[in-house]
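Peer 1: Let me give you the structure first, and then I'll get to my questions.
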Ligand SMILES: Nc1ncnc2c1ncn2[C@@H]1O[C@H](COP(=O)(O)OP(=O)(O)OP(=O)(O)O)[C@@H](O)[C@H]1O
Ligand SMILES: [Mg+2]
């Protein structure tokens, strides 16, 4: 799985959200850190085509994210607030919802839902109402809904934000066990301690691209 940025940048009028950037990502775990407003979410949205580059190109799976709608389907995106992401009231129906546009039979859909619930040991949530779930349970349900669609790449935008220690540990365990390519945007530096590839953004610019220890040191210098 390769993600390639070729001088890709984003400007909104006179404001540059992301300076033109060239890099290639092939690792299975990648973290993105930096101050508020540094360009992290903009960077991530370029990968699934939610945001189009205003200069350059982003190539995922050999496809340009600007002209291929299919890229969106290959890249699952879990937003900062999973409650905005769960569309249907009951968890099982929400997981099935994402599969309905894919031309699967009812039996196939039921099987995929059961499979993802089993994979994350989340069967107990299947018939729960999403608005009654705790933060960590909601993260788990959102993960099930997105991963049921079979993305090759998963982007998690601040997945442990607002979680208590127990739910945080639950989500960390889930992330560590994923076999999909996963890009984690976070302010939770312990979460990414072992990562070999950590990108640090500052003022819309990539200022470090290094293993966690070095990248976090650079980030602390910037924040000081
Ligand atoms: N749609 C938009 N229109 C105008 N400016 C935008 C838009 N989206 C982002 N920006 C600006 O681009 C910059 C980078 O924003 P971005 O959301 O990528 O930051 P971030 O690093 O994810 O921050 P946070 O940690 O607060 O989530 C910010 O200055 C933001 O105000
Ligand atoms: Mg953000």
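Conditions (1) surrounded by fewer than 19 Cβ atoms within 10 Å (Cβ to Cβ); (2) at positive phi; (3) more than 13 Å from ligand 1 (Cβ to nearest atom); (4) not assigned by TED's automatic domain parsing to the domain that holds residue 118, marked per residue:
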| position | (1), (2), (3), (4) |
| --- | --- |
| 187 | yes, no, no, yes |
| 194 | yes, no, yes, yes |
| 201 | no, no, no, yes |
| 205 | yes, no, no, yes |
| 208 | no, no, yes, yes |
| 214 | yes, no, yes, yes |
| 221 | yes, no, yes, yes |
| 224 | yes, no, yes, yes |
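Peer 1: Mind checking which residues of the stretch 55-77 are within 16 Å of ligand 1 (Cβ to nearest atom) and either out of contact with any helix residue (DSSP H, G or I) (no Cβ under 7 Å at 6 or more places or on another chain) or modelled with pLDDT under 90 (or both)?
Peer 2: Hits for the stretch 55-77 are 55, 77.
Peer 1: Next question. Please verify whether the stretch 43-62 includes one or more residues that are farther than 30 Å from residue 97 by Cα and touching a residue at least 60 places away in the same chain (Cβ under 8 Å).
Peer 2: Step one: of the stretch 43-62, the residues farther than 30 Å from residue 97 by Cα are 54-57.
The next check asks that each one be touching a residue at least 60 places away in the same chain (Cβ under 8 Å); those that pass are none.
No: zero hits.
Peer 1: Is there a residue being touching a helix residue (DSSP H, G or I) at 6+ places or on another chain (Cβ under 7 Å) and within 16 Å of ligand 2 (Cβ to nearest atom) anywhere in the stretch 96-108?
Peer 2: So far as the stretch 96-108 goes, no, none of its residues is touching a helix residue (DSSP H, G or I) at 6+ places or on another chain (Cβ under 7 Å) and within 16 Å of ligand 2 (Cβ to nearest atom).
Peer 1: Which residues, taken from the stretch 125-137, are part of a helix (DSSP H, G or I) and either surrounded by 12 or more Cβ atoms within 10 Å (Cβ to Cβ) or modelled with pLDDT of 95 or more (or both)? Steps first, please.
Peer 2: Of the residues in the stretch 125-137, the ones part of a helix (DSSP H, G or I) are 125, 130-132, 135-137.
Of everything in the stretch 125-137, those that are part of a helix (DSSP H, G or I) and either surrounded by 12 or more Cβ atoms within 10 Å (Cβ to Cβ) or modelled with pLDDT of 95 or more (or both) turn out to be 125, 130, 135, 136, 137.
Peer 1: Okay, next question. Would you call residue 37 assigned to a loop (DSSP other than H, G, I, E, B) and within 16 Å of ligand 2 (Cβ to nearest atom)?
Peer 2: Values: assigned to a loop (DSSP other than H, G, I, E, B): yes; within 16 Å of ligand 2 (Cβ to nearest atom): yes.
Yes; evaluated as a whole, the condition is true for this residue.
The values are calculated or read from the model by the stated rules, or taken from the named source; none is laboratory data. Every value quoted in this text rests on a predicted model; they were computed, and no experiment measured them. Backbone-built Cβ (ideal geometry, glycine too); neighbour counts: all protein chains shown.
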